[in-house]
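Visitor: Quick one: this structure, given as structure tokens, is what I'll be asking you about.
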Amino acid sequence: ATVDDSLSQNANYHLADCYLKLNDKNKARQAFGLASKLDFDKIIKEDALFNFAKLTQELSLSPFNEAINAFNLFIKKYPESPFLDDVYSYLSKAYISTKNYKEAIEALENIQNINPELEEAYQRVCFFRALELFTNNDFEEAIIHFDKSLNNSRYNRTYLARSIFWRGEAYYRLNRFDDAARDFTKFLTTTGAIELKEFNSAHYNLGYCKFKNKEFKDAASWFRKYTDAMKEAPSKTVGDAFARTGDCYYGIRDYDNAVLFYQKAIDNGKASVDYALFQKGFCLGLQKEHQQKIITLNQLVNDYSRSAYVDDALLEIGNSYIAIEENDMAINTFRQLIT
């Protein structure tokens, strides 16, 4: 039996080598697989398993993650093998091909001798793993992985820029508005950022960072840069940016500009329209323009009857009728509110 095992192992191993020379990788893989299962020659067994796993990966034959299983088996059986760095490199590629970024990172981090190709792969994989974590609302871990990607940022400028942007998004979700603003500002000055889809959004996000910190003048400036860059297109974010710009001017008591930008939100028609109508009407009241306030708030009541702002609008309409001494209209409005 020992002689048979030896002959069989050697025959399959050398047969695999012949198939490789004939460029028949599939038959070579099968022969290496047979040689790797026999125990007579430990060196041949180790080399055969390595080549079997490598060819399985190269041939993309992994209906049941066969390549991944083979590489993991090799690591388990030969933890001191001189092939180990190569195995981890192939294993990381197998995980990347199946979009298993978590395991790909672990494989890459186990490689002792790092080269630029592996560092570039690590930059890319850490970025995509960070996006996964961000999508799953694990913002702290996402930041850690964006940092890992940025530590290898010299290879790919796109992943560099996008890591900075999305790290800023993660900071924002954690209410770390200063850190978020720092990253969005850095992103805007990063080489190649202007060509990315995130570029205009960074202006919008900076507006919110400043708005959350009650830096209303700066916030208004960033929101206006965003709406200018978007050419005031009818969209939810543009409509929202107009409304927030109105809020910024309201916050610094510049009611003329507040009314102007609330009207832009209303005209955009895609987001916060009922809110913008209420705020515009309220600002008109502060300017003593009660007739215009009543007209604006009635538009809210009539066009957005299910809005959460309708009851507030009715109260303000009633107060404006009192201010212009139309008490019967005020009574009717207050009765409507009570009803």
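Visitor: When Rg is the radius of gyration of the Cα atoms in the chain and Rh is its Kirkwood radius, what does Rg/Rh come to? Show your work: numbers first, answer last.
Guide: Numbers: Rg = 32.4 Å, Rh = 25.0 Å.
Result for the chain is an Rg/Rh of 1.30.
Visitor: Going from the alpha-carbon gyration tensor of the stretch 180-270, what semi-axes, largest first and in whole Å, does one get by taking the root of 5 times each eigenvalue? Intermediate values should be presented prior to the final figure.
Guide: Working: eigenvalues 101, 51, 13 Å².
Taking √(5λ) for each eigenvalue gives 22, 16, 8 Å, largest first.
Visitor: Moving to a separate point now. Report the relative contact order of the chain, percent, no decimals, based on alpha-carbon pairs under 8 angstrom and at least 6 residues apart. Walk me through the numbers before you get to the answer.
Guide: Numbers: 476 pairs, mean separation 20.4, N = 339.
Computed over the chain, the figure is 6 percent.
Visitor: Would you mind telling me the share, in percent, of accessible area of the chain contributed by carbon and sulfur at probe 1.4 angstrom? Provide the component values of the computation, followed by the final result.
Guide: Numbers: 8740 of 17950 Å².
With neighbouring chains kept in place, the figure for the chain is 49 percent.
Visitor: Let me ask something additional. Past 18 Å, Cα to Cα, is the threshold; run LYS231/LYS264; LYS99/LYS186; LYS37/LYS93; LYS42/LYS76; LYS42/LYS93 against it and keep the listed order.
Guide: On the way: LYS231/LYS264 12 Å; LYS99/LYS186 29 Å; LYS37/LYS93 25 Å; LYS42/LYS76 15 Å; LYS42/LYS93 27 Å.
Beyond 18 Å: LYS99/LYS186; LYS37/LYS93; LYS42/LYS93.
Visitor: Pick from ALA11, ALA276, ALA170: which is most flexible by mean-square fluctuation in a GNM of the chain where alpha carbon atoms under 10 Å apart are linked?
Guide: Looking only at ALA11, ALA276, ALA170, the largest GNM fluctuation is found for ALA11.
Visitor: I want to verify a result. In a Gaussian network model of the chain, Cα cutoff 10 Å, which of these has the top mean-square fluctuation: ASN137, ASN113, ASN100?
Guide: ASN113
Visitor: Just to be sure I understand: if I project the alpha-carbon convex hull of the stretch 243-339 onto a plane and average over all orientations, what area do I get in nm²?
Guide: Details: hull surface 22.7 nm².
Quarter of the Cα hull surface area: 5.7 nm².
Visitor: Add +1 for every Lys or Arg and -1 for every Asp or Glu among the other residues with Cβ under 14 Å from the Cβ of ALA161, and state the total. List each step's numbers first, then the result.
Guide: Working: positive: ARG124, ARG154, ARG157, ARG162, ARG167, LYS186, LYS197; negative: GLU169, ASP183, GLU195, GLU198.
Here the count lands on +3.
Visitor: Something else: Pairs of alpha-carbon atoms within less than 8 angstrom and 6+ residues apart define the contacts here; what relative contact order does the stretch 189-339 have, in percent?
Guide: Details: 204 pairs, mean separation 20.0, N = 151.
Once divided by the residue count of the stretch 189-339, the mean separation gives 13 percent.
Visitor: Return the Cα extents of the stretch 50-159 along principal axes one, two and three, sorted largest first, each rounded to a whole Å.
Guide: Result for the stretch 50-159: principal-axis Cα extents of 38, 29, 22 Å.
Visitor: Project the alpha carbons of the stretch 135-243 onto their principal axes and report the range along each, largest first, in whole Å.
Guide: 38, 28, 24
Visitor: Give me the three principal axis extents of the stretch 46-96 from the C-alpha atoms, as integers in angstrom, largest value leading.
Guide: Over the stretch 46-96, Cα extents along the principal axes are 28, 20, 15 Å.
Visitor: For LYS212, LYS217, give me the order by solvent-accessible area with a 1.4 Å probe, most accessible first, ignoring ligands, DNA and RNA. The partial results should precede the final answer.
Guide: Values: LYS212 105, LYS217 150 Å².
Descending accessible area places them as LYS217, LYS212.
Visitor: Same structure again: Taking only DSSP H segments of four or more residues, each worth -39500 (n - 2.57), what value at 222 nm results for the chain once the sum is divided by all its residues, to the nearest 500 deg cm²/dmol? Display every interim value, and only then the final one.
Guide: Details: 18 runs with 258 residues, N = 339.
About -24500 deg cm²/dmol.
Visitor: If we count every other residue with Cβ under 15 angstrom of GLY192's Cβ, Lys/Arg +1 and Asp/Glu -1, where does the sum land?
Guide: The answer is +3.
Visitor: Still on this structure: By the scheme Lys and Arg +1, Asp and Glu -1, what is the net charge of all other residues having a beta-carbon under 14 Å from that of ASN319? Each step should come with its number before you reach the end.
Guide: Working: positive: LYS288, LYS293; negative: GLU289, ASP311, ASP312, GLU316, GLU325, GLU326.
After counting each charged neighbour, the total is -4.
Visitor: Charges on Cβ only, +1 for Lys and Arg, -1 for Asp and Glu, centred on the Cα centroid of the chain; of PHE127, LEU206, LEU49, which one is farthest towards the dipole's positive end?
Guide: My answer, from the dipole projection, is LEU206.
Visitor: Which whole-number percent gives the relative contact order of the stretch 159-226, counting Cα pairs below 8 Å spaced six or more residues apart?
Guide: Reported relative contact order: 28 percent.
Visitor: While we're here: Charges only on Cβ, +1 for Lys and Arg, -1 for Asp and Glu: so what's the dipole of the stretch 98-222 about the Cα centre, in debye to the nearest 20?
Guide: Details: 18 positive and 19 negative charges, 102 e Å.
So the magnitude is around 480 debye.
Visitor: Give the cross-link partners of LYS270 among the aspartates and glutamates, using a straight C-alpha distance below 16 Å as the criterion and excluding same-chain residues fewer than 8 apart.
Guide: Cα-Cα hits under 16 Å: GLU232, ASP240, ASP303.
The values are calculated or read from the model by the stated rules, or taken from the named source; none is laboratory data. Everything numeric in this text was worked out from a predicted model, so none of it was measured. FYI the Cβ positions are ideal-geometry reconstructions off the backbone, even for glycines, and counts take in every protein chain you see. The protein model used for the area step is the full one, side chains on, heavy atoms only, and it has no ligands, DNA or RNA in it. Shrake-Rupley method; radii C 1.70, N 1.55, O 1.52, S 1.80 Å.
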